[in-house]
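Laboratory data are not the source of any read-out in this text; all were calculated from the coordinates shown. These figures come from a predicted structure and were not determined experimentally. Neighbour counts are summed over all protein chains in view; Cβ atoms, including those assigned to glycine, are modelled from backbone coordinates with ideal geometry.
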Amino acid sequence: MSPVSRSTILLALDSVGIDPLGHDRPESVYAESRFLFPRGKQGDVVPINDAPIPGALVATDVIGNDPRGAIECALTYTSIFSGQSAVDRHGLMRGLGLKEGLFKQLIADANLFRQFDHPCLLNAIFPAHLSFFGSSHVEDLLPRVDRQAVETGLRYRGRAVQFKGTDKNGFAELFTLAEINQNIFVHAAREAGVRLNTWQDVRDGRALTSTMTHELEAEFHVEFFDEEPLPVHTPGAAARILTAQAQRHDFTFYKYQIPDLVSHTGNLELARRVFSIIEDFVEAVLQGTDPDTIVIVTSDHGHLEQLATSHAHPKTRVPTWCFGPDAAHNAARLRRPEDLFHVLVEFAPRLSVA
Ligand SMILES: [Zn+2]
């Protein structure tokens with residue numbers, strides 16, 4: 001095998017599950033899908049023929065053998081970035097929070113970012129830290145901002161922001177704005193020495209916030225944080241930023257957070273709009289990448305597909321799409337989130353030399 005340096009891209013969509021009632025019915029959030037959920041196609045591994053690069057879709061099980069408790073983001077991201085099942089080791093969340101020490105141990109044992117010579121975390125970190133993000137993985141990097149000062153100083157659509165609780169769900173908007181979302185991949189990136197992007201990198205066209213198009217940030221009065229507003233841009237423009245970075249790195253990871261926030265609104269039309277943004281973004285990414293590039297799109301748990309009926313993360317399987325060489329073969333191997341680690345490392349340049 002020749003030691004060709006190949007670009008791999010992993011996109012994570014927060015809270016996008018497979019529709020358990022079928023994406024073909026008109027009521028489905030995915031009814032208008034142009035290529036990600038092809039109509040009339042069932043089966044284990046579904047070919048995606050209408051994408052700019054041929055691909056395949058598989059249902060990935062993020063719950064495993066643990067039917068009790070709640071599926072939370074950090075469980076799936078720990079599995080993806082460590083190659084071990086965090087659900088098998090930890091169990092689902094049962095009301096007492098998550099044992100973060102175990103997640104960190106799994107990441108210390110194996111870290112996806114460390115498997116590559118030039119990894120990139122595309123998500124930018126907002127340069128302020130709220131002290132009530134107790135277990136943020138980046139808290140020591142960022143200046144602390146008093147909660148009360150934020151509540152009196154920050155404006156959203158002209159109104160003061162009121163936080164409902166101390167957990168991330170109590171202030172979903174700021175959760176995204178702040179970008180310090182307690183996700184294990186930020187910890188993994190830091191442990192691997194991956195540079196953490198800031199909003200200045202976003203302004204310079206080198207990184208994305210987790211809202212991708214910045215429409216949400218545009219609604220905030222961010223001058224409170226001594227920050228200039230971010231330019232609103234299209235999914236296509238965001239995709240160009242991603243593909244440019246993917247050309248300079250052998251592994252590029254980006255997480256899109258908006259489906260999670262939209263899922264908590266219960267607004268079907270909004271959910272459909274967000275899904276069309278996802279599809280436009282993935283299409284533009286595929287149009288902008290070499291057909292030799294491995295592009296994988298996955299999710300950490302469901303919700304968008306059942307936002308009208310579920311107030312918590314439903315225990316549905318999540319879609320994982322593979323594009324590029326051997327797409328169907330790769331997709332068939334992605335039954336669990338930890339499988340992503342093992343498939344992706346096969347494309348790491350140092351391993352292809354061996
Ligand atoms: Zn999530």
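In order along region 190-197, the phi-based Karplus estimate (6.51 cos²θ - 1.76 cosθ + 1.60, θ = phi - 60°) of 3J(HN,Hα) comes to 4, 4, 8, x, 6, 5, 8, 6 Hz; Gly and Pro are listed as x. Could you tell me which of rounded, prolate or oblate describes region 180-270, using a ≥ b ≥ c as the square roots of the eigenvalues of the alpha-carbon gyration tensor, with rounded for a/c under 1.5 and, failing that, prolate when a/b is larger than b/c and oblate otherwise? It is rounded, given that a/c, with a ≥ b ≥ c, falls under 1.5. Distances between placed amide hydrogens fall under 5 Å for residue 255 paired with 12, 123, all partners being 5 or more residues away or on another chain. The packing ranking of peptides 24-32, 259-267, 337-345, highest mean first, is 337-345, 259-267, 24-32, where packing means the average number of other beta carbon atoms within 10 angstrom of each residue.
Taking Cα centre as origin and charging only the Cβ of basic (Lys, Arg, +1) and acidic (Asp, Glu, -1) residues, the dipole magnitude of the chain rounds to 460 debye. Working from label points 7 Å from Cα in the Cα-to-Cβ sense, the residue 21 to residue 224 distance is 3.8 nm. Note on the chain: antiparallel DSSP beta bridges, both residues inside, total approximately 45 percent of the bridges counted.
Here the contact order of region 8-353, divided by its residue count and restricted to Cα pairs under 8 Å and six or more residues apart, works out to 33 percent. Taking one quarter of the surface of the C-alpha convex hull of region 17-71 gives a mean projected area of 4.8 nm². Considering helices alone, the calculated mean residue ellipticity of the chain at 222 nm is -9000 deg cm²/dmol, with DSSP H runs of length four and up weighted by -39500 (n - 2.57) and normalised per residue. Candidate cross-link partners of residue 104 among the aspartates and glutamates, defined by an alpha-carbon separation under 13 Å and a same-chain spacing of 8 or more, comprise 191.
Restricting the trypsin sites (Lys or Arg not before Pro) of region 75-106 to loop positions (DSSP other than H, G, I, E, B) with no more than 12 neighbouring Cβ atoms within 10 Å leaves 94. Annotation: aspartates and glutamates with alpha-carbon distance below 12 angstrom to residue 315 (same-chain offsets under eight excluded): 19, 61, 66, 72, 300, 305. The Cα atoms of the chain cover 56, 47, 40 Å along the three principal axes, with the biggest extent listed first.
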